[in-house]
Amino acid sequence: MTTLALIACLALGVAAEPGSIADRIAGAAPGDVIEVGPGVYRERIRIDKPLRLVGVGRPVIDGGGSGDIVEITAPNVEFRGFEVRNTGIDLDKENCAIRVLAPFAVIEDNVVSDVLFGIDLKGAPDSVVRGNRIGGKDLDVARRGDGLRLWRSDRVRIENNEIHDGRDAILWYSNGVEVRGNVAHRCRYGFHLMYSDNVVLEDNEVAENSVGVYFMYSHTLELRRNRLVRNRGPSGYGLGLKETDRFTIEDNVIVGNRVGVYVDGSPFTSKKPGEFTRNTFAYNDVGVTFLPAVRGNVLWENNFVDNFEQVCVLGRGELTGNEFARDDRGNYWSDYVGYDEDRDGLGDWEHCSERLFESMLDREPKLRVFLLSPAESAIEFVARAVPAVRPEPKFSDPAPLMQPIAAKASAERDARRGPLAAAATALLAVGGLAFVVARSGLGLARETT
């Protein structure tokens, strides 16, 4: 330990122990608490007994640019308060900052930087990953590792982490996981589920990724009060659903994506309808995209605000077997042209999507280059003038709402992010999107591709 580090330890009231962290682990008894003072420790450590390893003053464990750095092989280990940095870059060896191979681990309040894989749990059920900041290496996205990965790790809690500039935060074969209050940005997939059931994602912010959240081959999923913002990569989904079953999507703000929600083969069975309610889809190129064979979804009390295309049926086919109202309550559509003579809050006639240009665009996406052009206006003029060329409606909402629905915000999340975030949530809920975009710096100007 350097003289400066020794002085800092004494100033903080921490006992300055000689030797490396690995030596102190080797000499500790199960259940001991090891406090590590400030300094840079250029070593790799293995925790093979139940311990609490606590960093005081954010000590740094530097891997020197090769291999893994921290490996936990014993249950009931707590690893807190460190900066772990500078792994190797071998994708085939999956060089990792913190790898957990045993249950009941707590990985909390660490800074993980310049790493290939960030925090990797393999066979580590009943663990907690909380309050960490995880950043990847400056590599092309195809060469990065996952910022957070779970493999066969059930009942894990992932809370209040920031994950940035990595590949994915991915759950494989991990059931009963809770994902709350996290921020994921500038990654490939913000959160990606594969064969993981009974998972809850609440109060997360997922922004500027290629894909925000993707559910695949999983069931019994809940997505609530999340912000899925400006995910505009090659796919550009705010949320993707692939052969997913028994899911509830509610109270989310889905703004500025290429596609707000992409639905493929979901719900996968008829055990429960796919439920979308009280979500705001705004300023996306497409609000919701369905593949033609999709059946069994119910959408009600959502806000569809100024998407280039509110609902898309990709390719040829009709959108049948899905409902756009429940209990005589439909959705709010910013392009609805009806009125409410009896003032019951519902439009007096149904909202139908029967624009000719949209129908052509669904069959041939390359026509998107003509969006907002005189060509689009001319095509719609022809459709109005010659009813014989007007397409059949893609869908109809029998009870459109005259006013947008206010979304439920997370008081805890907005308290952490400050008063501007709370105001943004309130305004987004009622359609005050232009003001929020200008003030929040999210840069949600729409693009055509």
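The values are calculated or read from the model by the stated rules, or taken from the named source; none is laboratory data. From a predicted model like this one, the values you see are computed outputs, not experimental measurements. FYI the Cβ positions are ideal-geometry reconstructions off the backbone, even for glycines, and counts take in every protein chain you see.
Total residues in the stretch 144-198 satisfying the condition of being in contact with a Leu (Cβ under 7 Å, 6 or more places away or on another chain) and of a type in the set (Gly, Ala, Ser): the figure is 5.
The residue that is nearest to the chain's Cα centre (by Cα), among those in the stretch 113-148 that are within 20 Å of Val179 (Cα to Cα), among the aliphatic types (A, V, I, L, M) and crowded, with 23+ Cβ neighbours inside 10 Å, is Leu148.
For the stretch 213-235, how many residues meet the condition of being assigned to a strand (DSSP E or B) and either of a type in the set (Asp, Glu) or under 11 Å from Val255 (Cα atoms) (or both)? Write out each step before concluding.
To start, the set of residues in the stretch 213-235 that are assigned to a strand (DSSP E or B) comprises 213-216, 219-224, 227-229.
Filter again for either of a type in the set (Asp, Glu) or under 11 Å from Val255 (Cα atoms) (or both), leaving 222, 227-229.
Of the residues in the stretch 213-235, 4 are assigned to a strand (DSSP E or B) and either of a type in the set (Asp, Glu) or under 11 Å from Val255 (Cα atoms) (or both).
Phe79 fulfils the conditions (1) in a helix (DSSP H, G or I); (2) touching a strand residue (DSSP E or B) at 6+ places or on another chain (Cβ under 6 Å); (3) not charged (D, E, K, R) except for a single criterion, (1). Residue count for the stretch 1-40, restricted to those that are part of a helix (DSSP H, G or I) and at pLDDT 95 or above: 7.
Got a number for residues in the stretch 83-106 being within 24 Å of Val177 (Cβ to Cβ) and out of contact with any Gly (no Cβ under 9 Å at 6 or more places or on another chain)?
To start, the set of residues in the stretch 83-106 that are within 24 Å of Val177 (Cβ to Cβ) comprises 84, 94, 96-106.
Subset that is out of contact with any Gly (no Cβ under 9 Å at 6 or more places or on another chain): 99, 104-106.
So the answer is 4.
State yes or no: is Glu202 out of contact with any Ser or Thr (no Cβ under 7 Å at 6 or more places or on another chain) and in contact (Cβ under 8 Å) with a residue 60 or more places away in the chain?
In short, yes.
One residue stands out among those in the stretch 228-253 that are without any contact (Cβ under 8 Å) to a residue 40 or more places away in the chain and within 11 Å of the chain's Cα centre (by Cα): the one that is farthest from Val313 (Cα to Cα), which is Leu228.
For Thr269, are the conditions met, namely being crowded, with 23+ Cβ neighbours inside 10 Å and either β-branched (Val, Ile, Thr) or under 24 Å from Met402 (Cα atoms) (or both)? Before you say what the answer is, go through the steps one by one.
Numbers: crowded, with 23+ Cβ neighbours inside 10 Å: no; either β-branched (Val, Ile, Thr) or under 24 Å from Met402 (Cα atoms) (or both): yes.
Here the answer is no, as Thr269 does not meet what is asked.
Residues that are part of a loop (DSSP other than H, G, I, E, B), more than 13 Å from Gly131 (Cα to Cα) and in contact with a strand residue (DSSP E or B) (Cβ under 9 Å, 6 or more places away or on another chain) within the stretch 147-166 comprise Gly147, Arg152, Ser153, Arg155, Val156, Asp165, Gly166, listed in sequence order.
With the requirement that a residue be part of a strand (DSSP E or B) and of a type outside the set (Gly, Ala, Ser), what does the stretch 82-112 give you?
Step one: of the stretch 82-112, the residues part of a strand (DSSP E or B) are 83-85, 96-100, 106-108, 111-112.
The answer is Glu83, Val84, Arg85, Cys96, Ile98, Arg99, Val100, Val106, Ile107, Glu108, Val111, Val112.
Of the residues making up the stretch 41-64, those that are farther than 17 Å from Gly118 by Cα, in a loop (DSSP other than H, G, I, E, B) and not acidic (Asp, Glu) are Arg42, Lys49, Pro50, Leu51, Val56, Gly57, Arg58, Pro59.
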